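The structure appears below as structure tokens.
The values are calculated or read from the model by the stated rules, or taken from the named source; none is laboratory data. Keep in mind that this is a model prediction, so the values were computed, not measured. Note that we place each Cβ from the backbone using ideal geometry, even for glycine, and neighbour counts take in every protein chain shown.
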Amino acid sequence: MLLNRVLLLARVPLLAAAPLFMLLGQACKKYQPFTQTPMPEVTINAGDTRLSNNSIHLSKDTVYLLTTSIYRDSGQDLTIDPGTLIKVNDNLSINIRPGATIQAKGTAAAPIVFTSSAITGTAGIGVSGNGVSGHYWNGLWIRGNAGSATPQPSGTLNYVRIEFAGGYANDILAALFLQNVVKGTSIEHVQVSYSSLNTSFEFAGGNCDARYLISYASASSDLYLHMGFTGRIQNVLAYRHPYFPDNQSSYYPGDALAGLLIRDNTSNPYISNLTVVGPDSSTASTKYNAKGVRTGAFIALGGANFHIRNSVFIGFPAAAWYLDDAAVAAAVDNGQADVTHSVFYTSDSTKTFYLKPGTYGGTTSDQFKAFMLQSQFVNQQFLSLNNFLLTDPFNYNAHPDPSPKTGSPLLSGANFDAPFNDDFFTKLDYLGALGTDSWMKDWSNFTPTQSAYND
């Protein structure tokens, strides 16, 4: 195999890496927590007559408190106006079932917000047992009908924030769970923050496309693609908080914790302009390594195929790319799976490309790295965080800004040759999720723990 034949590259002198905890001490910008003028608050409970209607319409002039889960079945819809605030009690969910639709069309100036009903500062604190003691709701779960004779789109999520979800029901599902959702469903400008026990975004099967996604402070993986997912995704920021989760002994990471996690041999996503900013040396990541949990900015399992381009993988002390799956290693070796035109960094440069011993014959991590840094792949390994020239990425108390500064090497070098030359992918110049276009401006929120929503 080609990978086995690659000669080891000469070792590059290691530059001094700036650990994340040193950067956390930078001065914070003044910040005014998100507030809004109080509006009438209406409770939707199990006896609400709207729940039996084929159409439910939530309007922006009212704040909604859900004390029961919402279910939409085939032929039914849920429509939500721009600027609408929906507060959800613990352990509840919003369920869009096959054949039903959700039309949540916010704007940058008036995003739609799904959040916990807990008072400001109390949501998302602590997890115990198989339940949630820290005021989490379960999530927005959309199930499409991919594979049916007449697959139908599931609607629109645009300029939407989902906060303090990902709690525990009979199954532990993502804060935004998308199962068998098909093309024609619009998923753009969606932020998931402080997901509790599971992934922020989960695409389980289907072939829907998505762009402009933010996962912030997830307690598990940020983006999980599996069960044969074959969609296209562009502009994703997977942005971890170094102190979340914190001291959660019952935290449920499964067998892998990653910024990007891909699984199953029928999965074959196309991803461009992803940025993973990992926890680096924080205890929130390292304590799960001791439990035998795989951790890495990128992990693929179960023989998954993938095509990743123009992306940036930062942090995770176990590895930037953690590889311990023989079938995935073979797919990479044979060109069925690839990562190109991308940048990798972790504080331990010997683990930037980590191949677990014995995974692929006698191939070593050094040989894996040499293979991935061959000129035809146009990948780079950075040896210091300073090389990225990010604006203010670790200002967690205010509004962190991981966008590249003027002169950053990330602002050029993107490539959209085949198979990334179709109409879905915007042909950008920059590597990673963010350039100079500021697509996060106005609608995103990195401090939901401080946000006073109609309190």
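I need the strands (runs of 3 or more DSSP E) fully contained in the range 162-216, keeping only those with at least 3 residues that are closer than 24 Å to LYS441 by Cβ. Write out each step before concluding.
On the way: elements: 176-179, 186-193, 201-204, 210-216.
The strands (runs of 3 or more DSSP E) meeting that bar are 186-193, 210-216.
Go through the range 290-315 and give me each residue that's of a type in the set (A, V, I, L, M) and over 16 Å from the mean Cα position of the chain (by Cα). I'd like the intermediate steps shown before the answer.
First pass over the range 290-315, keeping only residues of a type in the set (A, V, I, L, M): 290, 293, 297, 299-301, 304, 308, 312, 314.
Those that are of a type in the set (A, V, I, L, M) and over 16 Å from the mean Cα position of the chain (by Cα): ALA290, VAL293, LEU301, ALA304.
Would you point out the residue of the range 384-408, among those that are crowded, with 18+ Cβ neighbours inside 10 Å and modelled with pLDDT of 90 or more, that is farthest from THR436 (Cα to Cα)?
For the range 384-408, the residue satisfying everything is LEU385.
Just one of the numbered conditions (1) under 20 Å from LEU176 (Cα atoms); (2) at pLDDT 95 or above; (3) not hydroxyl-bearing (Ser, Thr, Tyr) is not true of ASN89; which one?
Of (1) under 20 Å from LEU176 (Cα atoms); (2) at pLDDT 95 or above; (3) not hydroxyl-bearing (Ser, Thr, Tyr), only one is false for ASN89: (2).
Could you list, in sequence order, the residues of the range 228-243 that are surrounded by 19 or more Cβ atoms within 10 Å (Cβ to Cβ) and either at pLDDT below 95 or of a type in the set (Lys, Arg) (or both)?
Of everything in the range 228-243, those that are surrounded by 19 or more Cβ atoms within 10 Å (Cβ to Cβ) and either at pLDDT below 95 or of a type in the set (Lys, Arg) (or both) turn out to be ARG232, TYR239, ARG240, HIS241, PRO242.
When the residues of the range 386-430 are narrowed to those that are farther than 30 Å from SER451 by Cα and polar (S, T, N, Q), which ends up farthest from the chain's Cα centre (by Cα)?
First, the residues of the range 386-430 that are farther than 30 Å from SER451 by Cα: 386-388, 406-430.
Those still in the list that are polar (S, T, N, Q) too: 386-387, 406, 408, 412, 415, 421, 426.
On the way: ASN386: 24, ASN387: 24, THR406: 26, SER408: 24, SER412: 23, ASN415: 23, ASN421: 24, THR426: 20 Å.
Filtering first and then ranking leaves THR406.
Taking into account only those residues within the range 109-141 that are hydroxyl-bearing (Ser, Thr, Tyr) and assigned to a loop (DSSP other than H, G, I, E, B), which is modelled with the highest pLDDT? Give the steps one after another, and end with the answer.
Narrowing the range 109-141 to residues hydroxyl-bearing (Ser, Thr, Tyr): 115-117, 120, 122, 128, 133, 136.
Filter once more, so that each one left must be assigned to a loop (DSSP other than H, G, I, E, B): 117, 120, 122, 133, 136.
Numbers: SER117: 89, THR120: 70, THR122: 67, SER133: 54, TYR136: 85.
The residue in question is SER117.
Return only the number of the condition from (1) buried (at least 24 other Cβ atoms within 10 Å of the Cβ); (2) hydroxyl-bearing (Ser, Thr, Tyr); (3) free of Cβ contacts under 8 Å to residues at least 40 places away in the same chain that TYR216 does not satisfy.
Failing condition for TYR216: (3).
Would you say SER148 is surrounded by 21 or more Cβ atoms within 10 Å (Cβ to Cβ), in a loop (DSSP other than H, G, I, E, B), polar (S, T, N, Q) and at pLDDT below 95?
Numbers: surrounded by 21 or more Cβ atoms within 10 Å (Cβ to Cβ): no; in a loop (DSSP other than H, G, I, E, B): yes; polar (S, T, N, Q): yes; at pLDDT below 95: yes.
No; evaluated as a whole, the condition is false for this residue.
Here are the criteria: (1) within 22 Å of LEU65 (Cβ to Cβ); (2) at pLDDT 85 or above; (3) surrounded by 21 or more Cβ atoms within 10 Å (Cβ to Cβ). Tell me which single one TYR168 does not satisfy.
(2)
Mind checking which pairs have a first residue in the range 259-279 that is among the acidic types (Asp, Glu) and a second that is assigned to a loop (DSSP other than H, G, I, E, B) and surrounded by fewer than 22 Cβ atoms within 10 Å (Cβ to Cβ), Cβ under 9 Å, 6 or more apart or different chains?
Listed by first residue and then by second, the contacts come to ASP264/MET227; ASP264/GLY228; ASP264/GLY302; ASP264/GLY303.
Taking only the range 339-360 into account, find how many residues are under 20 Å from the mean Cα position of the chain (by Cα) and not polar (S, T, N, Q).
Going through the range 339-360 one residue at a time, the tally reaches 4.
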